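Right, one structure below, let's go through it.
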Amino acid sequence: MKLTTDQINHIDYVLRNDYSFEHFDDLRIELLDHITSDVELSIEKNSITFEEALPIVLHKWNDEITCDRNSYYNSVPIIVAKLWKKLDWKYNYFVLLLTGILCFGSMPFGREDWVTYMMYIFGGIGFVLGIYLLNLLRRNQFNTVLSMYAKNKIKLYVGLFAFALIANLALNYSDGDLLSCPALFGIIHTTLVFAMRTILMRKNIKIENQLLKVI
């Protein structure tokens with residue numbers, strides 16, 4: 001048996017509104033295909049109606065599509081939280097480690113010119129990347145797992161970057177010590193965050209192009 005358009009739209013509505021997939025177009029479309037096939041199979045195999053089959057199939061998918069309230073990412077479906085945790089290890093924790101290496105590695109040379117130059121070079125790169133990343137997010141056509149991850153807390157990082165850069169310039173100006181780098185960690189860390197999330201948004205463009213062919 002093949003489901004009608006109204007029945008498929010109803011499943012899509014349930015995924016959007018009851019299971020928090022409103023902002024994950026790529027994953028919702030993929031799940032819609034799987035769940036639709038499972039419902040069709042259940043109707044045919046058990047000789048039941050669509051209204052009877054859908055709750056059974058949704059219960060089968062329950063461990064993937066509900067939200068885990070005990071998780072750090074407790075407002076997104078479990079399947080999304082799992083993917084985001086993998087991205088954390090690949091991007092966030094790597095960025096934190098690289099920031100620590102750069103900052104602590106430069107501590108013995110804290111009064112040398114090149115450390116200050118390095119910080120402001122990172123600041124310049126961060127400024128360009130921040131504008132570019134915000135533009136990518138603004139032009140985003142579909143909400144996907146990658147784009148929503150890249151967007152997560154982005155306003156906080158932009159604010160932290162601006163504060164660190166302005167605070168460092170203000171302190172340098174006020175005490176006349178142009179070599180001090182009190183905001184070194186903040187500037188380097190947020191710049192690296194912008195870089196990694198820009199990479200994610202570039203990958204997201206490929207997903208968007210695929211979605212355009214489907215929708």
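The values are calculated or read from the model by the stated rules, or taken from the named source; none is laboratory data. These figures come from a predicted structure and were not determined experimentally. So basically every Cβ, Gly included, is an ideal-geometry build from the backbone, and we count neighbours across all protein chains shown.
Take Leu32 and decide whether it is within 20 Å of Asn143 (Cβ to Cβ) and in contact (Cβ under 8 Å) with a residue 12 or more places away in the chain.
Spelling it out, Leu32 is indeed within 20 Å of Asn143 (Cβ to Cβ) and in contact (Cβ under 8 Å) with a residue 12 or more places away in the chain.
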message = I'm told Ser106 meets every condition in (1) touching an Asp or Glu at 6+ places or on another chain (Cβ under 9 Å); (2) at pLDDT 90 or above; (3) closer than 30 Å to Ala164 by Cβ except one. Can you identify the failing condition by its number?
response = (2)
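Just to be sure, is His34 within 18 Å of Leu211 (Cα to Cα) and surrounded by fewer than 17 Cβ atoms within 10 Å (Cβ to Cβ)? Even if it seems obvious, please write down each step before you answer.
Values: within 18 Å of Leu211 (Cα to Cα): yes; surrounded by fewer than 17 Cβ atoms within 10 Å (Cβ to Cβ): yes.
Judged against the criteria, His34 is a match.
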remark   = A careful count of residues in the stretch 30-58 that are under 30 Å from Leu146 (Cα atoms) and acidic (Asp, Glu) gives 3
note = When every residue in the stretch 177-212 that is among the charged types (D, E, K, R) and out of contact with any helix residue (DSSP H, G or I) (no Cβ under 7 Å at 6 or more places or on another chain) is compared, the one nearest to Phe142 (Cα to Cα) is Glu208
ask   = Between a first residue in the stretch 142-155 that is closer than 16 Å to Ala195 by Cβ and a second residue that is assigned to a loop (DSSP other than H, G, I, E, B) and at pLDDT 95 or above, which pairs have beta carbons less than 9 Å apart while being 6 or more apart in sequence or on different chains?
value = none
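For Ile78, state whether it is of a type in the set (Val, Ile, Thr), without any contact (Cβ under 8 Å) to a residue 40 or more places away in the chain and either under 20 Å from Ala167 (Cβ atoms) or surrounded by 14 or more Cβ atoms within 10 Å (Cβ to Cβ) (or both). Step through it out loud before you land on a result.
Working: of a type in the set (Val, Ile, Thr): yes; without any contact (Cβ under 8 Å) to a residue 40 or more places away in the chain: yes; either under 20 Å from Ala167 (Cβ atoms) or surrounded by 14 or more Cβ atoms within 10 Å (Cβ to Cβ) (or both): yes.
Yes.
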inquiry  = Yes or no: the stretch 19-29 includes at least one residue that is in contact with an Asp or Glu (Cβ under 7 Å, 6 or more places away or on another chain), more than 17 Å from Leu146 (Cβ to Cβ) and at pLDDT below 95.
reply    = no
query = How about the stretch 201-215: which of its residues are out of contact with any Ser or Thr (no Cβ under 8 Å at 6 or more places or on another chain) and part of a helix (DSSP H, G or I)?
reply = Arg202, Lys203, Ile205, Lys206, Asn209, Gln210, Leu212, Lys213, Val214
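If I ask for residues that are of a type in the set (A, V, I, L, M, F, W, C) and within 17 Å of Tyr13 (Cα to Cα), which ones from the stretch 29-55 would you list?
Ile29, Leu31, Leu32, Ile35, Val39, Phe50, Ala53, Leu54, listed by residue number.
Are any of the residues in the stretch 88-103 of a type in the set (S, T, N, Q), modelled with pLDDT under 95 and within 24 Å of Thr190 (Cβ to Cβ)? Spell out the reasoning first.
Applying the first criterion (of a type in the set (S, T, N, Q)) to the stretch 88-103 yields 92, 99.
With modelled with pLDDT under 95 added as a condition, the list becomes 92, 99.
Narrowing the set further to residues that are within 24 Å of Thr190 (Cβ to Cβ) leaves 92, 99.
Yes; the residues of the stretch 88-103 include at least one that is of a type in the set (S, T, N, Q), modelled with pLDDT under 95 and within 24 Å of Thr190 (Cβ to Cβ).
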ask   = What is the number of the single condition among (1) over 20 Å from Ala183 (Cβ atoms); (2) in contact with a Leu (Cβ under 9 Å, 6 or more places away or on another chain); (3) aromatic (Phe, Trp, Tyr) that Phe127 does not meet?
value = (1)
query = Would you call Val14 over 30 Å from Ile188 (Cβ atoms) and among the hydrophobic types (A, V, I, L, M, F, W, C)?
reply = yes
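Each row is one residue, and each column tells you yes or no for (1) closer than 20 Å to Asp26 by Cβ; (2) in contact (Cβ under 8 Å) with a residue 40 or more places away in the chain.
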site	(1), (2)
Ile65	yes, yes
Arg69	no, no
Leu87	yes, yes
Leu98	no, yes
Glu112	no, yes
Val115	no, yes
